[in-house]
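Comments concern the structure below.
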């Protein structure tokens, strides 16, 4: 009995020391992702807590390591947002593609546009997970700010951004700020393992094991036909545009026509809403425009986006 007890003590000590060493290595080489804290403000807009600063890390070998800065408005930007009637301002509203955690905040699409448009300020209202309901709710909640902004470009990806027809706070994402998740985030080793997918694999294995012990559920019904799904997405688009009317004189949608069906463009045309198609510019590039391990735009892709968006803005300034 004593040898077994002695062996168990050694195993516990060895495991504890190994975990401490791994925790130290992950911290020393900054292999973990500094995920900023989320919150919902008084206007029911979900965003990042202001004043945070850190580094976004992707991959188990720091395949992408970029610096972010959350401004007083709750968005990743080198600039504070102070729209007024005397300054020419452009707003980019969207999800993680606009948020830009895959690029140093000093080299964002907005900063690249400002280099091409002297005297223009670009405000990037990007937040991972935003869909069209989030984006239009933001414009309505802060309408006094957007009234002073000269042009607003709203990022739209079909069908990802059209899964719902009205806005409500996404409490699933906010659960990541609750006690248990916050405690786990204190261990950078746990954060690292989560980022590279090992924690998800363990959870899936446990879930599959638990599912095997449960009675077999009845077979699910047939999946909706693609045309029925497409019709629902289009209905959601129409419902959102009716609920949150946009100022067509200074608002346009930013989309890739390669992924947007003709019906989407038709609905925008019926509403008198312009759209900026960046798809052809990306498709015409001889070099990759996205990251190797991710579909987010790389620096070259962001340069093309900045060129395309800046040309669109410059054309309107000349009118």
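The values are calculated or read from the model by the stated rules, or taken from the named source; none is laboratory data. Computed from a prediction, not measured in an experiment: that's the story for all the values here. Neighbour counts run over all protein chains shown; Cβ positions are idealised from the backbone, glycine included.
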**Asked** Would you say residue 33 is over 30 Å from residue 62 (Cα atoms) and either in a helix (DSSP H, G or I) or at pLDDT below 80 (or both)?
**Response** no
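Conditions tested, residue by residue: (1) part of a helix (DSSP H, G or I); (2) at pLDDT below 95; (3) surrounded by 15 or more Cβ atoms within 10 Å (Cβ to Cβ).
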residue: 7; (1), (2), (3): yes, yes, no
residue: 18; (1), (2), (3): yes, yes, no
residue: 27; (1), (2), (3): yes, yes, no
residue: 42; (1), (2), (3): no, no, no
residue: 56; (1), (2), (3): no, yes, yes
residue: 60; (1), (2), (3): no, yes, no
residue: 69; (1), (2), (3): no, no, yes
residue: 73; (1), (2), (3): no, no, yes
residue: 114; (1), (2), (3): yes, no, yes
In the range 126-140, anything closer than 15 Å to residue 41 by Cβ, in contact with a helix residue (DSSP H, G or I) (Cβ under 8 Å, 6 or more places away or on another chain) and assigned to a helix (DSSP H, G or I) is listed as 139
### Message
Criterion first (in contact with a strand residue (DSSP E or B) (Cβ under 9 Å, 6 or more places away or on another chain), within 30 Å of residue 117 (Cα to Cα), surrounded by 11 or more Cβ atoms within 10 Å (Cβ to Cβ) and at pLDDT below 90) does residue 65 satisfy it?
### Response
yes
(1) touching a helix residue (DSSP H, G or I) at 6+ places or on another chain (Cβ under 8 Å); (2) free of Cβ contacts under 8 Å to residues at least 60 places away in the same chain; (3) buried (at least 19 other Cβ atoms within 10 Å of the Cβ) all hold for residue 78 apart from (3)
Within the range 143-176, residues farther than 26 Å from residue 260 by Cβ and either surrounded by fewer than 19 Cβ atoms within 10 Å (Cβ to Cβ) or in contact with a helix residue (DSSP H, G or I) (Cβ under 8 Å, 6 or more places away or on another chain) (or both) come out as 143, 144, 147, 148, 169, 171, 172, 174, 175, 176
The residue from 286, 311, 260, 228 that alone is assigned to a loop (DSSP other than H, G, I, E, B) and without any contact (Cβ under 8 Å) to a residue 40 or more places away in the chain is 286
If you go through 268, 305, 291, 255, the only one that is surrounded by 16 or more Cβ atoms within 10 Å (Cβ to Cβ) and in contact with a helix residue (DSSP H, G or I) (Cβ under 6 Å, 6 or more places away or on another chain) is 305
Of those in the range 44-54 that are touching a residue at least 40 places away in the same chain (Cβ under 8 Å) and not in a loop (DSSP other than H, G, I, E, B), the residue farthest from residue 171 (Cα to Cα) is 48
In the range 178-196, anything under 21 Å from the mean Cα position of the chain (by Cα), at pLDDT 70 or above and loosely packed, with under 14 Cβ neighbours inside 10 Å is listed as 178
Would a scan of the range 96-103 turn up a residue that is touching a helix residue (DSSP H, G or I) at 6+ places or on another chain (Cβ under 7 Å), surrounded by fewer than 21 Cβ atoms within 10 Å (Cβ to Cβ) and touching a residue at least 24 places away in the same chain (Cβ under 8 Å)?
-> no
